[in-house]
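Visitor: Let me give you the structure first, and then I'll get to my questions.
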Amino acid sequence: MDVYHAIKTLRAVRQYTEQSIGDEIITRILEAGRWAGSSKNTQPWQFIVVRNGETLNRLAECGRFSSHLRQAAFAIIIVTESTPRADFDSGRAIENMMLAAWGDGVGACIASMHNETDAKKILGVPENLKLQQAIAFGYPRPNVTPTIEGKPLPEVLAAMGRKPLTEIIHQEKW
Ligand SMILES: Cc1cc2nc3c(=O)[nH]c(=O)nc-3n(C[C@H](O)[C@H](O)[C@H](O)COP(=O)(O)O)c2cc1C
């Protein structure tokens, strides 16, 4: 898939089919995350791959908008040290992984772990490390109305689509 087309068509996918996803595709997604650039090339991340349904169900309890983890074929959880640029670096790795997945026809959506402490306990993550995000992956379920926690998207999200360029671009200065 053309990169620009992938960027423009990438959407959060929260409803998945029951089809499993092979190791080859999972490895391609992880490789895309591994190759993200990071501050001073620190590569501050570790990626936990979770395929186990019971663990996905338990993680789904750790966020306010994370029930899509229950249906996911697998999830990747990004863990870093609490260094100043690690949050930004994680974002780059996550976007790489989501785009790589999309290129292989796999949908994905972040699931914020608001109860980070419990999520870390479930996964055995050392206390001093930061659980950045969980990302759910799965083949998109066709012909469904997108929802978050069973609610229509406009009831939960700040906005639909994207702000037009005219609202966000400044030429030369603010
Ligand atoms: C930092 C971050 C946290 C997010 N957390 C969640 C979440 O907990 N649950 C969820 O369903 N979506 C989550 N999302 C996905 C956003 O809702 C999504 O990116 C946004 O609504 C745009 O969706 P779209 O690309 O389909 O238009 C998160 C996204 C980001 C960048």
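Quick note: the coordinates plus some simple rules give every number you see, no bench work behind them. Bear in mind that the values here come from a model prediction, so they are computed numbers and not experimental data. Using ideal geometry, Cβ is built from the backbone for each residue, glycine included, and neighbour counts are taken over all protein chains shown.
Visitor: Would you mind getting the Kirkwood hydrodynamic radius of the stretch 15-72 from its Cα pairs, rounded to one decimal in Å?
Guide: 13.4
Visitor: Please name whichever of PRO146, LEU129, ALA159 sits farthest to the positive end of the charge dipole of the stretch 68-174, dipole taken about the Cα centre and charges placed at Cβ: Lys and Arg +1, Asp and Glu -1.
Guide: PRO146
Visitor: Sticking with this one: Based on DSSP, what percent of beta bridges with both residues in the chain are antiparallel, to the nearest 5?
Guide: Rounded to the nearest five, the antiparallel share is 95 percent.
Visitor: When LEU153, LEU69, LEU165 are ordered from fewest to most other Cβ atoms inside 10 Å of their Cβ, what list results?
Guide: Values: LEU153 14, LEU69 28, LEU165 7.
Listed from fewest to most nearby Cβ atoms, that is LEU165, LEU153, LEU69.
Visitor: Report the percentage of all Cα-Cα pairs in the chain whose separation exceeds 28 Å, rounded to a whole percent. Mind dumping the intermediate values first?
Guide: On the way: 3624 of 15051 pairs.
Of the Cα pairs, 24 percent sit more than 28 Å apart.
Visitor: If Lys and Arg each add +1 and Asp and Glu each add -1, what is the summed charge of the other residues whose beta carbon sits under 13 Å from the beta carbon of SER66? Can you show the working numbers first?
Guide: Values: positive: ARG14, ARG58, ARG64, ARG70; negative: GLU61, GLU116, ASP118, GLU149.
That sum, taken over residues with Cβ under 13 Å, equals 0.
Visitor: When the convex hull of the Cα atoms of the stretch 83-174 is projected onto a plane and the area is averaged over all directions, what value comes out in nm²?
Guide: 9.5
Visitor: Follow-up question, since we're still on this one. How big is Rg to Rh over the stretch 80-135, alpha-carbon atoms, Rh as the Kirkwood inverse-mean-distance radius? If you can, show how the numbers build up before the last one.
Guide: Numbers: Rg = 12.6 Å, Rh = 12.4 Å.
So for the stretch 80-135, dividing Rg by the Kirkwood Rh gives 1.02.
Visitor: Pulled fully out, how much extra length does the chain show between ALA158 and GLU18, if you take 0.36 nm times their separation in residues and subtract their Cα-Cα distance? Could the numbers behind the result be given before it?
Guide: On the way: separation 140, 0.36 × 140 = 50.40 nm, distance 2.98 nm.
Length gained, ALA158 through GLU18: 47.4 nm.
Visitor: Also: Order by neighbour count: ILE26, ILE168, ILE78, fewest other Cβ atoms within 10 Å first, most last.
Guide: Fewest-to-most ranking of ILE26, ILE168, ILE78: ILE168, ILE26, ILE78.
Visitor: In addition: Would you calculate a helix-derived [θ] at 222 nm for the chain, using -39,500 (n - 2.57) for each DSSP H run of n ≥ 4 and dividing by the full residue count, to the nearest 500?
Guide: For the chain, the value works out to -10000 deg cm²/dmol.
Visitor: Enumerate the amide H contacts of GLN133 below 5 Å, restricted to partners 5 or more residues apart or on another chain; note that Pro and chain-start residues carry no placed amide H.
Guide: The answer is ILE78.
Visitor: Relative to the Cα centre, what is the charge dipole magnitude of the stretch 1-160, using +1 at the beta carbon of each Lys and Arg, -1 at the beta carbon of each Asp and Glu, and rounding to the nearest 20 debye? Spell out each step's value before the answer.
Guide: On the way: 17 positive and 17 negative charges, 39 e Å.
The calculation lands at about 180 debye.
Visitor: Once both labels are modelled 7 Å past Cα along the beta-carbon direction, what's the THR27-ASN143 spacing in nm?
Guide: 3.6
Visitor: Moving on to the next point. Taking each full run of DSSP H in the chain as one helix, which ones are at least 15 Å long along their axis (Cα atoms) and have mean Kyte-Doolittle hydropathy of at least -1.0?
Guide: In the chain, the long hydrophobic H runs are 23-34, 86-103.
Visitor: With each pseudo-label sitting 7 Å past Cα toward Cβ, what's the THR166-GLU116 distance in nm, one decimal?
Guide: 4.0
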